[in-house]
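Here is the structure we will look at.
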């Protein structure tokens, strides 16, 4: 996916006068307790409401300098307009209206270096429409096993928020992107489920997580190292 530079247009849109009613700002929290104090700040911002459905939210608020790969953050990259640190909430509440978001984009240099991405670029070099379609056209078969982390239902939601189709039951197709682990592949049930899978399309959950963060599907990385047969032998 090619990024779409938006810096200049974003600034122009911010400054452009409009007679239209302001859009509702739907604020969801990750890593922050929804206390009465936080709700008061949200209610102090014009046109802002608290939201608990990530697919309806526009702004994700997280603690400053704490970028964690929560389900809300990963889904928020696909679904939301902004991923911000709590300073944006504080400043917006202080002035009574939403302040310019981009300068408050969540930043965690250590986490971003570890996972090889820049959240500012992820959120503003790609349109929300692009981010929402990262997995479009891909059927992702996720093996239901305790070793698959994040938990299977969380991965399902992350994939679906990014436009993909997630499957957790039945038998994998040769065209599927399979998300699994060596431990899962050592079980007879998973071996049966993957009997029709392409052995070159078996990946760890990291494929999904890194792809969301980087806005790039790299099918040459994050492969599951073992075939079902070798995984079974290793477990013995």
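The values are calculated or read from the model by the stated rules, or taken from the named source; none is laboratory data. Keep in mind the model is a prediction, meaning the values are calculated, not measured. Backbone-built Cβ (ideal geometry, glycine too); neighbour counts: all protein chains shown.
Residues of region 184-204 that are within 25 Å of residue 115 (Cβ to Cβ), out of contact with any helix residue (DSSP H, G or I) (no Cβ under 6 Å at 6 or more places or on another chain) and crowded, with 17+ Cβ neighbours inside 10 Å: 201, 202, 203, 204. For region 1-59, the set of residues classified as at pLDDT 95 or above, over 25 Å from residue 159 (Cα atoms) and not in a loop (DSSP other than H, G, I, E, B) consists of 36, 37, 38, 39, 40, 41, 42, 43, 48, 49, listed by residue number. Restricted to region 126-231, the set of helices (runs of 4 or more DSSP H) holding at least 1 residues that are over 25 Å from residue 75 (Cβ atoms) comprises 182-185, 188-193.
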